[in-house]
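These notes are about the structure you will find just below.
Readers should treat all values here as calculations from the given coordinates under stated rules, not as data from a laboratory. Just so it is clear, the model here is predicted, and its values are computed rather than measured. Counting neighbours? That spans all protein chains shown, and the Cβs are built from the backbone with ideal geometry, glycine included.
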Amino acid sequence: MAEVACHQVCQARVRAICSVDKSRRGISGQRSRTRTVRTTPLPRYNVCMVRTLSGIQPTGNLHIGNYLGALVNWVKLQEEYDAYFCVVDMHALTQRPDPEVLRQAVRELAIGVLASGVDPERATLFVQSQVPQHAELAWVMMCLTPLGDLNRMTQFKDKSTQQPDNINAGLFTYPVLQTADIALYRPEAVPVGEDQDQHLELARETIRRFNFTYGGDVFPEPKTVKSLAPRVMGLDGESKMSKSKNNEIGLFETEAETWKKLKGAKTDPARERRSDPGTPEVCNIYSYHGFFSTDEQRAELAEGCRKATLGCVDCKKMLGTNMESVKGPIRERAADLRSKPGELDQILAAGAEKARRTAEETMVMVRDRIGLAGGK
Ligand code: TRP
């Protein structure tokens, strides 16, 4: 994880606020033209609580890849940061989902985030479409993003292959909306999986371009916070766990459902018979033990695998049990939340209200700087 010490960030922020260096060269290498840079007073915020923002798409059911790759990190980050977590339903529109399916997926995702331990008393959990400023800032960012940069995005190329009949403009400008999601909350840290590195780099470039063009103190440059598990492999052991690859272990699955999948999952191909010794490091099942089992358990499994004193079924059984001790309580909390829809509505309404407040603060500055109506 890219650790950012609190005092460093505070100092950087104070520097950014106090001195806008007008002679600085921008990313295009040109010297800043002399233009009247308006100085909008910045809103007051708690200088020692650094802000973080992340987003997650409501497409399909949560799986342990999402849990380990994103949610575990979110739960940890809410302790140290002023955290904003966004269910990005507008991004999901790029796949043209059925409206009812989308609405349901948003709720299920919010339930999963809360059941995993995101605490609405600490973090701000909200739905993107409840904060119209995302679309507004996306347009501004669109006008600052060169077409050529978007053309290089590998996710656009992948998605275009996956959905050849629906290569819409939203798919192409997806990273610009993501830039707006980030910029709107002026976070200094953004936790994402490694598949989002390219989008974050683009976001940083656009943010730099905004600051350079309109005065350098509106947006901090967000750092990427690497996840503790940036890449969780799917059950096939061939690609990252994802619903589209049908290789996932669902977060809400029962122990029996998970066992059915584990039973059939590939292990080290060298272990054809129980008496064949194996190499734990090449085994996908052993890689999951890295997330769910203790050091002692792993040492015991590794030795048993190498010496062929322990079979793959035993190894999988221990994994199933250890996974269940994580998934079981999450499943229970999710069931509880599902039984109280009013409570979820309230949490999301309060989150949206807070998010809108911060977003509007940003937009007042942005409109003011760029010459649109609705500035201060
Ligand atoms: N594109 C991200 C993903 O697929 C989701 C996302 C949307 C996001 N907006 C964001 C992540 C802003 C971080 C910050 O995982």
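Taking region 252-337 on its own, what percent of its Cα-Cα pair distances exceed 17 Å? When all Cα pairs of region 252-337 are counted, 47 percent exceed 17 Å. Phi-derived couplings, Karplus 6.51 cos²θ - 1.76 cosθ + 1.60 at θ = phi - 60°, listed residue by residue for region 193-199: x, 5, 5, 9, 4, 5, 5 Hz, with x used for Gly and Pro. Taking 19 Å as the straight-line reach from the Cα of K157, the aspartates and glutamates in range (excluding those fewer than 8 positions away in the same chain) are D149, D165, E194, D195, D197, E201. For region 61-79 versus region 137-215, the spacing of their alpha-carbon centroids is 22 Å.
A simple rule links phi to the HN-Hα coupling: the Karplus curve 6.51 cos²θ - 1.76 cosθ + 1.60 with θ = phi - 60°, which for region 230-246 gives x, 8, 9, 6, x, 4, 6, x, 9, 9, 4, 4, 7, 5, 5, 8, 6 Hz, with x for Gly and Pro. Remark: the A335-I167 segment gains 56.8 nm on full extension, using 0.36 nm per residue and subtracting the alpha carbon distance.
Subtracting the Cα-Cα distance of T294 and V364 from their residue separation scaled by 0.36 nm leaves 20.2 nm.
Close amide H partners of K226, meaning residues 5 or more places away or on another chain with modelled amide H under 5 Å apart, are A2. Taking a ≥ b ≥ c as the square roots of the Cα gyration tensor eigenvalues, with a/c under 1.5 meaning rounded and otherwise prolate when a/b beats b/c, else oblate, which class fits region 146-198? Judged from the Cα gyration tensor, region 146-198 comes out prolate (a/c at least 1.5, a/b above b/c). Projecting the Cα atoms of A355, Y214, A83 onto the charge dipole of the chain, computed from C-beta unit charges around the Cα centre, puts Y214 farthest toward the positive end.
With Rh defined as the Kirkwood radius, the inverse of the mean 1/r over Cα pairs, the Rg/Rh of the chain is 1.02. The listed peptides 89-97, 327-335, 165-173, ordered by packing as a protection proxy, come out as 89-97, 327-335, 165-173 (highest mean of other Cβ atoms within 10 Å first). Here region 177-256 is described by how far its Cα atoms reach on the three principal axes: 57, 23, 21 Å, from widest to narrowest. Ranking H289, I182, A308 by how far each Cα lies toward the positive end of the dipole of the chain (charges on Cβ) leaves I182 at the top. Of K240/K307; K76/K376; K76/K223; K240/K263; K76/K327; K266/K317, which sit over 25 Å apart, Cα to Cα? Going by Cα-Cα distance, K240/K307; K76/K376 fall outside the 25 Å limit.
Would you mind telling me the antiparallel percentage of the DSSP bridges in the chain, rounded to 5?
The answer is about 15 percent antiparallel.
Can you work out ³J(HN,Hα) from phi for every residue in region 360-375, in order, using Karplus 6.51 cos²θ - 1.76 cosθ + 1.60 and θ = phi - 60°, giving whole Hz and x for Gly and Pro? Using θ = phi - 60°, the values come out as 5, 4, 5, 5, 4, 5, 5, 4, 4, 5, 9, x, 9, 5, x, x Hz.
Take the Cα of K243, step 7 Å along the line toward its Cβ, and report every residue of region 335-366 whose backbone nitrogen sits under 18 Å from that point. It comes to 335, 338, nothing else. Note on the chain: helix-only mean residue ellipticity at 222 nm, from DSSP H runs of 4+ residues weighted -39500 (n - 2.57) and normalised by residue number, equals -16000 deg cm²/dmol.
Each label point was placed 7 Å from the Cα along the Cα-to-Cβ direction; for R273 and T254 their separation is 3.7 nm.
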